[in-house]
Amino acid sequence: MILTSMTIIIMIVMLMMTVNNIISKKSFQDREKSSPFECGFDPKSSPRMPFSIHFFLVAIIFLVFDIEISLMLPVIPMINSSSITCLSFTYGFFIIILIVGVLHEWKQGALNWTN
């Protein structure tokens, strides 16, 4: 019973995907369609302003460490329910991993703004 139901559901989904593929809008992308229109002429400059890779690296590093620090927030309610030895060992190890990550980024030069 379950096997036949699953087979029917899978076949219906496959049929819906096939019908969607057949009736969906087909579009041919060429150079003119993907480029910005500027009075019929090719644009003189790039449509976007490039930014320094340092800003991107700092943003990624910030996101990684911000997420890791937000993982530490549940320790506050857990202080009363678990042993202090287990908590200090676990979060001490976690902080050591964070420090090693910062030192690695520093050694790789991702935090250096001079070059």
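The values are calculated or read from the model by the stated rules, or taken from the named source; none is laboratory data. Here the structure is a predicted model, which is why all the values come from computation and not from measurement. Every residue, glycine among them, receives a Cβ derived from its backbone with ideal geometry; neighbour counts consider all protein chains shown.
A search for C-beta distances below 9 Å between a residue of the range 88-99 that is part of a helix (DSSP H, G or I) and any residue that is charged (D, E, K, R), counting only pairs 6+ apart in sequence or on different chains, returns 94/68; 97/68; 98/68. Take the conditions surrounded by 10 or more Cβ atoms within 10 Å (Cβ to Cβ), modelled with pLDDT of 80 or more, outside any helix (DSSP H, G or I) and among the polar types (S, T, N, Q) and apply them to residue 82. Does it pass? It is true that residue 82 is surrounded by 10 or more Cβ atoms within 10 Å (Cβ to Cβ), modelled with pLDDT of 80 or more, outside any helix (DSSP H, G or I) and among the polar types (S, T, N, Q). The requirement of being modelled with pLDDT under 80, exposed (fewer than 10 other Cβ atoms within 10 Å of the Cβ) and in a helix (DSSP H, G or I) is not satisfied by residue 44. Restricting the range 100-112 to residues that are assigned to a helix (DSSP H, G or I) and either in contact with a Ser or Thr (Cβ under 7 Å, 6 or more places away or on another chain) or over 23 Å from residue 71 (Cα atoms) (or both) leaves a set whose member that is modelled with the highest pLDDT is 107.
Considering the conditions (1) surrounded by fewer than 10 Cβ atoms within 10 Å (Cβ to Cβ); (2) modelled with pLDDT of 80 or more; (3) among the β-branched types (Val, Ile, Thr); (4) under 30 Å from residue 113 (Cα atoms), residue 96 is excluded by exactly one of them, (1).
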